[in-house]
Amino acid sequence: MSSVLYDAQGPRAKRRNVVLTVVFLAAVVAVVWWVISTLKDKGQLEWVQWEMFFTSTEPWSTYIWPGLENTLKAAALAMVIALPLGAVLGIARLSDHAWVRIPVSIVVEFFRAIPVLVLMIFGLALFAEYTNVSSDDRPLFAVVTGLVLYNASVLAEIVRSGILALPKGQSEAAMAIGLRKNQLMRLVLLPQAVTAMLPAIVSQLVVVLKDTALGGAVLTFPELLASANTMSGYYGANVIASFTVVAVLYIALNFALTSFASWLERRLRRGKKSTGAVLPANDNQPNAGAGAGPGI
């Protein structure tokens, strides 16, 4: 039996796929075994390396929680600013006026082409040279600035492509009933495009959360990863344990963000669904033809 995408596998193809699957799983098991053995030989799996995270609050209160707080603060500020800014830039790129569309397109393409780390370093130099922001707050301002400039440009392209992906009949029908362009965008296009754009937007928000670590690596911003690095140096040989805890926290944060987005997407789609029921003609017009005479 054939599929739309590919032909059904024959006996030889099935045997080959089984063999490849077994070989791949064996390779994965071998790599996992090698990693565990190496960590065990280095003493990284001993309880003494992990004990402080379960028996003491000092690592959490001194390093992990403050670093997590700074990570969430920078990511939240960047998301709150970049989301509406990206939406405005994306809509502006669709403007019929060249004096709006062309400058916005240049700005978006410019900041999309620059690595976010370069934007952070530039922001740090900018705040140090031309503002009165204290040296303690400059890393946070620089990280948020770099994240906003880069991710707003990426989100602008997501918004633009999401709107352009809608059928042209939506715009034509709205214009046919007399809606103005701002009403068309606000009432017809954006509500439909948001649901389609949501997975891509959430993926970009996950990138925002993870890119805060660049500020800790270069700008001495005390975010979660930088705090783990300081913590591992303070406690000596707990490098693997420290970064494992941080990795679990990053996974939990990103999983919570994507889970919330999946729930929101399902809710939006469910709210837009109709019953789909089609009534028969005699139910829609129960009295149709009732008074017609035989000669009509």
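The values are calculated or read from the model by the stated rules, or taken from the named source; none is laboratory data. All of these numbers come straight from a predicted model, not from anything done at the bench. Neighbour counts run over all protein chains shown; Cβ positions are idealised from the backbone, glycine included. Keep in mind that these areas ignore ligands, DNA and RNA; they rest on the heavy atoms of the full protein, side chains included. Shrake-Rupley method; radii C 1.70, N 1.55, O 1.52, S 1.80 Å.
In this structure, does GLU109 turn out to be farther than 30 Å from SER161 by Cβ and in the same structural domain as GLN183 (by TED's automatic domain parsing)? Considered against the rule, which asks whether it is farther than 30 Å from SER161 by Cβ and in the same structural domain as GLN183 (by TED's automatic domain parsing), GLU109 comes out as no.
Looking for something among the hydroxyl-bearing types (Ser, Thr, Tyr), open to solvent by less than 80 Å² (accessible area, probe 1.4 Å), more than 24 Å from GLN44 (Cβ to Cβ) and at pLDDT 80 or above - is there at least one such residue anywhere in region 236-244?
no
Inspection of region 166-180 identifies at least one residue that is on the phi > 0 side of the Ramachandran plot and either open to solvent by 20 Å² or more (accessible area, probe 1.4 Å) or modelled with pLDDT of 85 or more (or both). Applying the criterion of at least 3 residues that are within 19 Å of GLY86 (Cα to Cα) to the helices (runs of 4 or more DSSP H) found wholly in region 120-237 leaves 138-164, 190-218.
A count restricted to region 134-156 and to residues that are open to solvent by less than 30 Å² (accessible area, probe 1.4 Å) and either at pLDDT below 90 or closer than 30 Å to THR195 by Cα (or both) stands at 11. If you go through region 30-62 and keep only what is open to solvent by less than 50 Å² (accessible area, probe 1.4 Å) and in contact with a Leu (Cβ under 9 Å, 6 or more places away or on another chain), you end up with just LEU39. For region 101-119, which residues satisfy the criterion of being open to solvent by less than 70 Å² (accessible area, probe 1.4 Å) and either among the small types (Gly, Ala, Ser) or assigned to a helix (DSSP H, G or I) (or both)? Scanning region 101-119 gives PRO103, VAL104, SER105, VAL107, VAL108, PHE111, VAL116, LEU117, LEU119.
A single member of LEU77, LEU25, LEU20, LEU94 is assigned by TED's automatic domain parsing to the domain that holds LEU224 and in a helix (DSSP H, G or I), and it is LEU77. Applying the condition of being open to solvent by 20 Å² or more (accessible area, probe 1.4 Å) and at pLDDT 85 or above to region 207-217 and asking which residue is nearest to the chain's Cα centre (by Cα) yields VAL207. For region 182-206, a tally of residues being among the aliphatic types (A, V, I, L, M) and open to solvent by 40 Å² or more (accessible area, probe 1.4 Å) returns 5. Please count how many residues of region 6-17 are outside any helix (DSSP H, G or I) and surrounded by 11 or more Cβ atoms within 10 Å (Cβ to Cβ). Of the residues in region 6-17, 1 are outside any helix (DSSP H, G or I) and surrounded by 11 or more Cβ atoms within 10 Å (Cβ to Cβ). With respect to (1) touching a residue at least 40 places away in the same chain (Cβ under 8 Å); (2) more than 19 Å from PRO66 (Cβ to Cβ), the lone exception for LYS210 is condition (2).
Within region 120-133, the set of residues being loosely packed, with under 14 Cβ neighbours inside 10 Å and either of a type in the set (A, V, I, L, M) or in contact with a Cys (Cβ under 6 Å, 6 or more places away or on another chain) (or both) comprises ALA125, ALA128.
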